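Engineer: Before I ask anything, here is the structure I am working with.
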Amino acid sequence: MKLEILKNAKEVAVRAKEIVGGAITENPELVLGLPTGSTPEGLYRELSASTLDFSRVKTFNLDEYYPMQPTDPQSYRYFMNSHLFNNVNLDMANTHVPDGTAADPDAACTKYEEMIREAGGVDLQVLGVGRNGHIGFNEPGTPFDSPTHKTTLTANTIEANARFFRDKTEVPAHALTMGIGTILRAKKILILITGADKHEALRSLLKGKIDEAWPVTALLKHDDVIVLCDTAAYNKYYIGIDVGGTKIKAGVVSDFGEVLEETSEPTEKSGTEAHLQQIARLIADFAQRYAVTAAGIGLPGVIVSEAGQVVNCCNLPLSGVNIVNELKKRVGVSVRIDNDANCAVMAEREFGAAKDCDNVVMLTIGTGIGSGTILDGKLHRGKNGGGELGHMITHAGGKPCACGQKGCFEQYASASSLSRAVKEAAEKNPESVLVAKLKEVGPCEAVFAAAEDGCTLSKELLSNYFDELATGLKCVCNAFGPDIIVLSGGITAQGDRFLNEIKSRMAGETEVRLSGLQKRAGIIGAAMLCREDS
Ligand code: F6R
């Protein structure tokens with residue numbers, strides 16, 4: 001599949017004309033498959049204004065409403081006559097549109113297939129695509145080997161096509177359409193995709209996964225497809241906000257996970273109003289400069305009410321606040337929220353270390369240990385947002401935790417627990433290499449650097465730390481059986497030094513990887529909450 005991304009619909013039309021024109025010049029007896037709709041109008045204008053010789057070209061249209069008279073201004077025959085056939089030197093006898101008047105529609109469909117076959121098959125099939133991914137009138141769920149057939153339009157398509165009628169009750173409920181099998185038999189396919197409302201359909205195709213729920217993905221089975229799209233269909237931008245207890249990060253993120261711009265500042269915690277204003281200011285700033293319509297927000301410890309809005313957030317002045325409604329009053333874009341670790345794991349699965357894995361646990365190791373879990377391809381939300389693995393008890397009756405329990409995993413394996421242990425050990429061993437390193441860098445970095453320089457004390461501290469972390473990870477494996485565990489947080493910036501310690505303790509068990517997106521996972525995942533299908 002060849003993809004060309006063009007600036008706008010006009011450029012798509014000009015390029016499409018070049019391709020269709022080139023094919024006609026090369027083969028004056030070309031058999032051309034054609035769509036109707038607003039997308040090809042630009043192409044038809046370009047072709048109508050050209051000096052191309054259509055005298056021996058044969059055309060087969062994809063579809064026609066049923067029942068429908070060809071003289072009806074809403075008919076596809078009427079559309080084709082006025083947008084193309086009457087404007088070029090086509091022989092009308094060589095133009096074919098499924099018969100919307102046929103008494104026996106099934107027989108008419110069989111005959112249409114025969115006529116295509118007799119013409120030698122379609123050489124070049126031009127397509128548009130529906131918002132729901134339909135091609136021709138092959139709605140989601142249509143078998144990919146379907147021949148020309150009578151079909152029932154979905155509510156989505158009736159809604160989309162109502163703009164050509166006085167109101168949607170006038171849109172016929174049925175149509176005759178080339179099947180997906182018919183389309184796939186064309187020797188070459190040219191699909192035109194323009195406008196932001198086609199973004200999801202194009203994305204389904206670019207994902208590269210054949211899926212009957214998205215008929216357009218059938219084209220992945222064909223080996224000669226050109227996709228011409230405009231930037232509006234290709235990409236979409238969302239605002240992602242990752243609210244942490246100390247820092248708030250915000251960015252503009254494309255649907256492909258690229259961060260266009262990002263910023264970070266200390267979290268305003270003096271009160272609910274000040275905090276909401278800070279988030280609103282960050283959103284408004286990006287919304288002013290980018291074409292975005294939605295913002296996603298990841299929050300720590302958030303519990304979303306059934307209505308999907310009310311949060312209970314222990315580290316921020318947001319408990320009981322309906323943040324979605326509050327922000328709606330302050331900014332002109334729609335807002336979605338979720339737990340920050342849920343956002344991060346979703347981002348890792350789509351763009352980072354957990355790409356294409358269906359069972360993933362992600363742990364964010366920082367002040368505490370946050371977690372996000374994907375089971376069988378779906379984000380696990382459970383009763384309280386998907387569980388808090390940092391609060392698994394790994395030491396019964398152990399150190400007290402802010403959550404009220406004793407012996408929580410995060411009391412032993414978070415970055416702050418390592419910092420505490422490092423500081424205590426340094427106090428007791430003032431002559432150690434560790435103490436010297438602590439003068440240069442923070443506790444976590446210092447302990448790794450000192451261990452590297454041979455400091456036995458530091459090696460012991462790290463060994464204890466990794467034993468604790470591995471204990472928790474083994475519990476995670478036993479509970480969920482993930483394909484992989486992804487670890488993130490500042491401490492994992494130690495890279496292989498960090499990973500190898502864990503791997504050696506997890507031998508033979510689940511694979512452990514470090515985050516591919518690191519600090520950006522939160523904003524990327526939050527931004528992806530804005531997708532229509534999320
Ligand atoms: C029409 C056809 C349809 C359209 C699709 C997009 O012949 O094949 O699949 O291509 O409904 O329509 P527009 O271009 O109007 O958005």
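Engineer: Positive end of the dipole of the chain, charges at C-beta (+1 Lys, Arg; -1 Asp, Glu), about the Cα centre: which of Ser55, Leu190, Gly245 has its Cα farthest in that direction?
Structural biologist: Value computed over the given set: Gly245.
Engineer: If packing is taken as the mean number of other Cβ atoms within 10 Å per residue, what is the order of 155-161, 166-172, highest first?
Structural biologist: In decreasing order of mean packing, 155-161, 166-172 become 155-161, 166-172.
Engineer: In nm, to one decimal, how far is the modelled label at Cys475 from the one at Arg289, with both set 7 Å along Cα→Cβ?
Structural biologist: 4.4 nm
Engineer: Could you give the length gained by full extension between Lys111 and Asn27, i.e. 0.36 nm per residue of separation minus their alpha carbon distance, to one decimal place?
Structural biologist: 27.7 nm
Engineer: Now for a different question. In degrees between 0 and 90, to the nearest 10, how far off the longest principal axis of the chain does helix 456-480 point, with axes built from Cα atoms?
Structural biologist: Tilt relative to the chain: about 40 degrees.
Engineer: Name the shape class, rounded, prolate or oblate, that the alpha-carbon gyration tensor gives for the range 2-234, where a ≥ b ≥ c are the square roots of its eigenvalues, rounded holds for a/c under 1.5, and otherwise prolate holds if a/b is larger than b/c and oblate otherwise.
Structural biologist: Because its axes are fairly even, with a/c under 1.5, the range 2-234 counts as rounded.
Engineer: Using only Cα atoms and rounding to the nearest 10 degrees, what angle (0 to 90) does helix 105-118 make with the longest principal axis of the chain?
Structural biologist: 90 degrees
Engineer: I'd like to know which of Asn429, Ala93, Gly407 lies farthest towards the positive end of the charge dipole of the chain, counting +1 on Cβ of Lys and Arg and -1 on Cβ of Asp and Glu.
Structural biologist: Projecting each Cα onto the dipole axis, the largest value belongs to Asn429.
Engineer: Measure off 7 Å from each Cα along the Cα-to-Cβ vector at Phe165 and Ser38, then give the distance between these two points in nanometres to one decimal.
Structural biologist: Result for the modelled spin labels: 1.7 nm.
Engineer: Out of Val476, Val225, Leu316, whose Cα points farthest toward the positive end of the dipole of the chain (charges: +1 Lys, Arg; -1 Asp, Glu; placed on Cβ)?
Structural biologist: So the residue furthest toward the plus end is Leu316.
Engineer: Here's another thing I want to ask about it. Placing +1 at every Lys and Arg Cβ and -1 at every Asp and Glu Cβ, with all other atoms neutral, what dipole size does the range 357-516 have around its Cα centre, in debye to the nearest 20?
Structural biologist: 420 debye
Engineer: Here's another thing I want to ask about it. Normalising by the residue count of the range 357-516, find the relative contact order in percent from Cα pairs under 8 Å and 6+ residues apart.
Structural biologist: 24 percent
Engineer: What percent antiparallel are the DSSP beta bridges of the chain, to the nearest 5?
Structural biologist: Taking every DSSP beta bridge with both residues in the chain, the antiparallel ones total about 45 percent.
Engineer: Rounded, prolate or oblate: which fits the chain, taking a ≥ b ≥ c as square roots of the Cα gyration tensor eigenvalues, rounded meaning a/c under 1.5, else prolate when a/b beats b/c?
Structural biologist: prolate
Engineer: Now for a different question. Beta carbons within 10 angstrom, averaged per residue: use that to sort the peptides 181-193, 370-382, highest first.
Structural biologist: Values: 181-193: 21.9, 370-382: 18.3.
Per-residue Cβ counts within 10 Å, averaged per peptide and sorted highest first, yield 181-193, 370-382.
Engineer: Residues of the range 383-419 with amide nitrogen under 18 Å from the 7 Å Cα-to-Cβ point of Glu460?
Structural biologist: 418-419
Engineer: With n ≥ 4 as the cut-off for DSSP H runs, can you work out [θ] at 222 nm for the chain, using -39500 (n - 2.57) per run divided by the number of residues, rounded to the nearest 500?
Structural biologist: Helix-only estimate at 222 nm: -10500 deg cm²/dmol.
Engineer: At a 10 angstrom cut-off on C-beta neighbours, averaged per residue, how do the peptides 392-400, 227-235 rank from highest to lowest?
Structural biologist: Per-residue mean Cβ counts within 10 Å order the peptides as 227-235, 392-400.
Engineer: Lys503: net charge of surrounding residues, Cβ under 12 Å, Lys/Arg +1, Asp/Glu -1, itself excluded?
Structural biologist: Local charge sum for Lys503: -1.
Engineer: Work out the length of the dipole vector of the chain about its Cα centre, built from +1 on the beta-carbon of each Lys and Arg and -1 on the beta-carbon of each Asp and Glu, and round it to the nearest 20 debye.
Structural biologist: The dipole of the chain has a size of about 1040 debye.
Engineer: Take the alpha carbon atoms of the range 454-524, find their center, do the same for the range 78-94, and report the distance between the two centers in whole angstrom.
Structural biologist: After rounding, the separation between the Cα centres reads 66 Å.
Engineer: Compute the distance from the alpha-carbon center of the range 415-452 to that of the range 345-383, in whole Å.
Structural biologist: 31 Å
Engineer: If I take every Cα pair under 8 Å that is 6 or more residues apart in the chain, average their sequence separation and divide by the length, what percent do I get for the relative contact order?
Structural biologist: 12 percent
Engineer: Tell me which lysines have Cα within less than 24 Å of Lys111's Cα, excluding those fewer than 8 residues away on the same chain?
Structural biologist: Lys58, Lys150, Lys187, Lys188
Engineer: Is the range 438-534 best put as rounded, prolate or oblate by its Cα gyration tensor, with a ≥ b ≥ c the root eigenvalues, rounded for a/c under 1.5, and otherwise prolate when a/b is larger than b/c, oblate when not? Walk me through the intermediate numbers first.
Structural biologist: Values: a/c = 3.11, a/b = 1.47, b/c = 2.12.
The shape class here is oblate.
Engineer: Another question, then. Which aspartates and glutamates have a Cα less than 12 Å from the Cα of Lys399, not counting those fewer than 8 places away in the same chain?
Structural biologist: Partners within reach: Glu410.
Each value in this text was obtained by applying a stated rule to the coordinates, not by laboratory testing. Since this is a predicted model, take the numbers as computed values, not measurements. With ideal geometry, Cβ positions are generated from the backbone for all residues, glycine too; neighbour counts draw on all protein chains shown.
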